Amino acid sequence: MEVFHLLWSLCSKALLIALFLLVVALLVYCLYIKYIHLKYDHIPGPARDSFFMGHSATLKRITESDGIVHDKLLEWSETYGSAYRLNILHYVLVLVTCPEATKEILMSPKYPKGKFIYGRLYDLFGQRFLGTGLVTAQNHEVWYKQRRIMDPAFNSLYLKGLLGTFNDRVDQLMEMLAADADNDMEVNMLHYFNSVTLDVIAKVAFDVDLDLLKTDSPFAKAIDTCLKGLVYWTRDFFFEFIPKNRGFIREVREACRLLRTTGTHWIHNRRTAMQNREDIPKDILTQIIKTAATEETMTAEDEEFMLDNFVTFFVAGQETTANQLAFCVMELGRHPEILEKVRNEVDDVIGMKQDVSDDDLGKLTYLSQVLKETLRLYSTAPGTSRLIVEDMVIDGVQIPEGTYCMINSYVTGRMDKFFKDPLKFDPDRFHPDAPKPYYCYFPFSLGPRSCLGKNFAEMEAKVVMAKLLQRFEFTLIPGQTFDVQDTGTLSPKSGVVCTIKHRK
């Protein structure tokens, strides 16, 4: 009995000590949050929802109601100026719309990507996702070595040699649309664009035939699952602790593993074929492996980075271009005068030719304007962030060193101080003789960390739209919504449902 009382006494004391330490830790954390508030409250911004959670309740409420967080950021930008703060726990984010500050922060390599946002992309619910690839690498030397290896495969000269493959994959989409036109079927354009953009990446980059236009693929489903998981992982800090979410979290982890396992298999097979001196395709993967072989050192970590970029390329490259194409069709369907003008250009440049050549792409100037205006109004990958490494002043507001700074192209693209009548779809904003937007239009980001796949995406979007306009008439089905859906990237909520007819 005495032993029992002794154990109970020790347990009680241990419990009291643990409780005391917990209370002290909570008190210290509260004091730290208060210190952060005092440090940053000179920066304008909306009233916090709560002391602890800051503005996260407002952002979560928007997400749960299927709204667009970026619209709220736009509203706050117009209310609080070109640099305002957001609080989440003990973190402070400053959203910047000042063009001069945007130029300074994005064009200089001295501002690294911040851990608060890009660190969350390393894994999804504990399973490695984008890792430390080109998009997420925070260390400049780690990023620069990867970029040096990847650059030659994505320059415009090398991509020109792959244009035949672009045409071939897009022709398969045209065949599917022709069959739908013959059967008077309604077509979900976003679904088709998601399939063809993933097919293009798989074939052009890795010489793999996914044939998603004809068959379903677990690979495509895995990408979709990862993107859905990404929204919860980056915006809801408590999502993984709620028991009812465990099944979905398992699906996300399995999807991540499938993507990385597939990448490992494809890369290994190509390396083996190259070592055995077999005939190999002249695609993007071959060029990357050849360039990597010229590096003085390639560690096991570098190999893992290559896998990170495999996942990044598929997830970021496929989804964003498909969404851009769907938004483009949506706006052309709503503006028949613009549709007629761009179709006339395609007829003049392409005529009855089967394939779109590199010379043709250069002559499709109005189509380029249409695609750029699409990305202004619907910046499919809306934001980026950087860490401010030294005190700076933005429009008279003192921003302390160590602040996470967000720069959002959806917000700046819809501000009337940068674009007159910003919600109007007007491709003439990007006419060659029109004034160039000054650091307020950056759908592919800017500076040394700008999107590696920019040339790839622009070439792909032009080929798809040129062939679509050359061969088909499309009409939007009445009654569908033209709302935007936020699933990490921005997409048309309706899917853009059309009727398709052969052009006479």
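A few points about this structure:
- Within segment 469-486, residues that are basic (Lys, Arg) have Cβ atoms under 9 Å from residues that are part of a loop (DSSP other than H, G, I, E, B) and exposed (fewer than 14 other Cβ atoms within 10 Å of the Cβ) in these pairs: ARG471/ARG503, counting only partners at least 6 apart in sequence or on another chain.
- Taking segment 215-253 as the range and being in contact (Cβ under 8 Å) with a residue 40 or more places away in the chain and surrounded by fewer than 14 Cβ atoms within 10 Å (Cβ to Cβ) as the test, only PRO218 passes.
- TYR232 falls short of the stated requirement of being more than 16 Å from the chain's Cα centre (by Cα) and in a helix (DSSP H, G or I).
- Set side by side, the residues TYR366, TYR404 differ, and just one is of a type in the set (Phe, Trp, Tyr), touching a strand residue (DSSP E or B) at 6+ places or on another chain (Cβ under 6 Å) and either in contact (Cβ under 8 Å) with a residue 60 or more places away in the chain or surrounded by fewer than 21 Cβ atoms within 10 Å (Cβ to Cβ) (or both), which is TYR404.
- Those residues of segment 459-504 which are under 30 Å from ASN155 (Cβ atoms) and in a strand (DSSP E or B), in sequence order: THR489, LEU490, SER491
- Candidate set: segment 5-62, residues that are touching a strand residue (DSSP E or B) at 6+ places or on another chain (Cβ under 8 Å) and of a type in the set (Val, Ile, Thr); chosen: the one modelled with the highest pLDDT: ILE43
- The criterion of being within 30 Å of GLU473 (Cα to Cα) and either surrounded by 15 or more Cβ atoms within 10 Å (Cβ to Cβ) or modelled with pLDDT of 90 or more (or both) does not hold for ASN87.
- Condition check for LYS72 on (1) surrounded by fewer than 21 Cβ atoms within 10 Å (Cβ to Cβ); (2) part of a loop (DSSP other than H, G, I, E, B): one failure, at (2).
- Residue that is free of Cβ contacts under 8 Å to residues at least 24 places away in the same chain, surrounded by fewer than 19 Cβ atoms within 10 Å (Cβ to Cβ) and closer than 23 Å to LEU95 by Cα, where the choices are GLY447, GLY396: GLY396
- Whether a residue is more than 20 Å from GLY383 (Cβ to Cβ) and over 24 Å from the mean Cα position of the chain (by Cα) was assessed, and PRO427 does not pass this test.
The values are calculated or read from the model by the stated rules, or taken from the named source; none is laboratory data. Note that the structure is predicted; figures quoted are calculated from it, not measured. For neighbour counting, all protein chains shown are included, and Cβ atoms are generated from backbone atoms with ideal geometry for every residue, glycine included.
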